[in-house]
Amino acid sequence: MTAAQKIAKEKFKKAIAIRQKTGVSLKEAFAEVYGKKKVGAVKKKAAKKVVKKSAPKKAAKKVVQKTKPRYSAKKHKNWATIPEHKRRVNGLPKKKKVSEQSILNKIHKVKDEVSSLDELQHKHMIGSVSIMQKLKDNLKLIQDYEKQKENLKAALKLNPKAQPKFKNAAKTYIKTYTKLISELKTHSRELKKHI
């Protein structure tokens, strides 16, 4: 026992002793032990004396009915011989009647779920094929744009005295081709991550 438990035990014994001496409630006795309230002696009322003498009565015998346990301790070998209302008390649930239609509905539901999963898997497989196709298309476009860009640069070098409209148009096309090439390269990098 810890020290606190020993102290509590002693205080409890004191409270019981005070209660027996004075006749106060246990709560008041504890209050006195813990120093919260002083309790004086309570005068007990004298019991009224009955002078009549009568024949002693015989005590009625108490009839105690034996109750059956709610769950039987013995395990039954054949549950079919026990009525349904007793089966539930003994822990077995009542058997539910299952119709053929409900079974068929469950089977169709499972088939639908499996077919939807198959479709998703098929789409995923097709998606990986389409990613490869997109990569190939991107590479072709990059090559085409680079060729056109090189052709425009070569045309500008060959014709230094070309009209300013042609030079400005060629420069804008070169800029757009470089932007497209950089975008296609980043797109193909992202596609490679998903393979």
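Brief remarks on what is shown
- Subset of the range 152-168 [closer than 30 Å to Ser188 by Cβ and surrounded by 12 or more Cβ atoms within 10 Å (Cβ to Cβ)]: Leu152, Lys153, Ala155, Leu156
- Residue match in the range 136-148 (condition: surrounded by 13 or more Cβ atoms within 10 Å (Cβ to Cβ), hydrophobic (A, V, I, L, M, F, W, C) and over 60 Å from the mean Cα position of the chain (by Cα)): no
Since every read-out is calculated from the coordinates, none of them should be taken as a lab result. Keep in mind that what you see is a predicted model, and the values were worked out from it rather than measured. All Cβ positions, glycine included, derive from the backbone under ideal geometry; neighbour counts span all protein chains shown.
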